[in-house]
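Everything on this sheet refers to the single structure shown next.
The values are calculated or read from the model by the stated rules, or taken from the named source; none is laboratory data. Bear in mind the structure is a predicted one, so any value in this text is a computation, not a measurement. Cβ coordinates were reconstructed from backbone atoms using ideal geometry, including for glycine residues, and neighbour counts include every protein chain displayed.
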Amino acid sequence: MKQFFKNAVVFIRDNPAILFSLALMFFIPLALYFYVSLTINSFERAAEIEINSHTYTAKDVLSLLVPRDFSVFNAETVSAVQQKIDKIVADDTNLQNIRVIVKDGKEYKTVAAQTSDTVGKAIDVSPSLNGESLIAYSWVNGSEDVASEIEINNERYRRVIKVFADDKTGEVYVLATADIPISQTINALSGAIYQGYSIMALIIVLSLLLVFQHTKLFSYVGLSRDLKQKNTAKDNFIRMATHELRAPVTVLNAYMESLKDDLGGTLDDDHQKYVDRMAISVKNLGDLMADILEVSHLEQGRTDFDPEIIAPDAVIQEIVDGLMFKAEEKKLKLTFEKGDFSHKINANLVCFKRIVNNLVENSIKYTPAGKVAVSISAQTAKKRCVITIQDTGFGISAEGQKELFSQFYRVKTQENAGIPGTGLGLWMSREMARKMGGDIMLESIERMGSKFFVFFPLADK
């Protein structure tokens, strides 16, 4: 237990914001408790007012049953009283068990009543929950009317007893009683109380769950903080390692070119093949480091995307001219069709060149024969320009297209097995395009070629 509290103190010290949740856990139920208490008190007052209102009404109704100057009951007066009771019942005054009671010797008898089978019968006034003992009490203490809660057959009532006494002697000569059903009001009040406290208990449980979830979130924050630190350390390591490796790779590449020039035609076919493979490996290693460094820059947000107004057709023409020799080496037809395009776009020139150069170079790389056609057009309705790079190369399967823009993913087939690549170029190209408000999409059929679409928003004129 001591260790538990120690851990709790350490956790709160490391995450002071949890105190806010603890305060909410305390103040929300407390505020809700006062609100529920006030609401229940309001219901109780309203119920009491309603019951008292019915009580006053019952007293007024009962006071009209028996004239105060009638101290002797006979058949005529009893009949008149019974008629009044019947009329009260017919008017639906919400009164039940209306009776007029006299004392005959030591017994109390009903002389007129809402229920005829009780007329003429003696009343058992021994103490009980049904309130009959109140009759004897009222007769003895005739100076005041009585209103008290009773219970009959598990139903609750308020019994009202109206006392009729001689004005001179104060002697009681008759009682009039009626019961007011209050079970519905009491049940409604009990239901409101139960509902109020149930909601309060539910909110307390939810508050506890909230605090528990909040503590879990703090642990996630800690994990996220650690992960961010590790990612930063990883990126720093990659950047440092890439920079450190680029220098020796550059030296190796320079020595390789020098070696090829010095040896010239003195090498036999096998040795020439070895030298060529070494040169390709060194170049691939340099390309991989350059791509990894660029990925690190993109993920850390250190790539420059400052835009400028550029004429994309002129830039694309420059890129196509620069790659023409690679296409001619493979005997491919490389063309650029710009038609009457005369629009400008707002993009970073360096990133734009990287995107287009990478896509055109990829098409040349993965097209063994045929052509690579580059074109540009404007979709003025959508306020964007569309650059298409279409080739007659290997094409990409539907499964390959799903992962094509993922990091380090390369479509592996027998046809492209010997073609070098890092699997980062397309991911970087689309990331850079999206950072500048554009995008890259693909249509491809396996063994029939691919068509890349590069979108960029047109610059406002």
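Structure notes:
- Some residue of the stretch 96-110 being loosely packed, with under 13 Cβ neighbours inside 10 Å and within 14 Å of LEU62 (Cβ to Cβ): no
- Inter-residue pairs, beta-carbon under 9 Å, first among the β-branched types (Val, Ile, Thr) and buried (at least 18 other Cβ atoms within 10 Å of the Cβ) and in the stretch 276-300, second in a helix (DSSP H, G or I) and at pLDDT 70 or above, 6+ apart: VAL282/VAL249; VAL282/LEU252; VAL282/ASN253; VAL282/MET256; VAL295/TRP427; VAL295/MET428; VAL295/GLU431
- Listed by position, the helices (runs of 4 or more DSSP H) inside the stretch 340-459 whose residues that are closer than 25 Å to MET324 by Cα number at least 3 are 349-365, 425-435.
- Among the criteria (1) over 24 Å from ILE319 (Cα atoms); (2) in contact (Cβ under 8 Å) with a residue 40 or more places away in the chain, the one ASP391 does not fulfil is (1).
- Test: residue in the stretch 175-191 that is over 30 Å from LYS106 (Cα atoms), at pLDDT below 70 and either part of a strand (DSSP E or B) or not acidic (Asp, Glu) (or both): no
- Test for GLU144: is it acidic (Asp, Glu) and in a strand (DSSP E or B): no
- Pair list, Cβ under 6 Å, 6 or more apart: the stretch 137-166 residue more than 18 Å from ASN94 (Cβ to Cβ), other residue surrounded by 13 or more Cβ atoms within 10 Å (Cβ to Cβ) and of a type in the set (Asp, Glu): VAL163/ASP145
- Boolean, THR185 is under 23 Å from THR57 (Cβ atoms) and touching a residue at least 40 places away in the same chain (Cβ under 8 Å): yes
- Residue match in the stretch 316-325 (condition: buried (at least 18 other Cβ atoms within 10 Å of the Cβ) and part of a loop (DSSP other than H, G, I, E, B)): no
- Which numbered condition ASP439 misses (of (1) modelled with pLDDT of 90 or more; (2) surrounded by 14 or more Cβ atoms within 10 Å (Cβ to Cβ)): (2)
- Looking across the stretch 47-101, the residues that are farther than 19 Å from GLU144 by Cβ, modelled with pLDDT under 85, within 60 Å of the chain's Cα centre (by Cα) and aliphatic (A, V, I, L, M) come down to ALA47, ILE49, ILE88, VAL89, ALA90.
- Filtered by the rule that a residue be over 60 Å from the mean Cα position of the chain (by Cα) and on the phi > 0 side of the Ramachandran plot, the stretch 114-161 gives a lone residue, GLY120.
- ARG410 vs. criteria touching a strand residue (DSSP E or B) at 6+ places or on another chain (Cβ under 6 Å) and either farther than 21 Å from ALA290 by Cα or crowded, with 16+ Cβ neighbours inside 10 Å (or both): no
- Within the stretch 122-147, being loosely packed, with under 15 Cβ neighbours inside 10 Å and either acidic (Asp, Glu) or in contact with a Lys or Arg (Cβ under 7 Å, 6 or more places away or on another chain) (or both) holds for ALA122, ASP124, GLU144.
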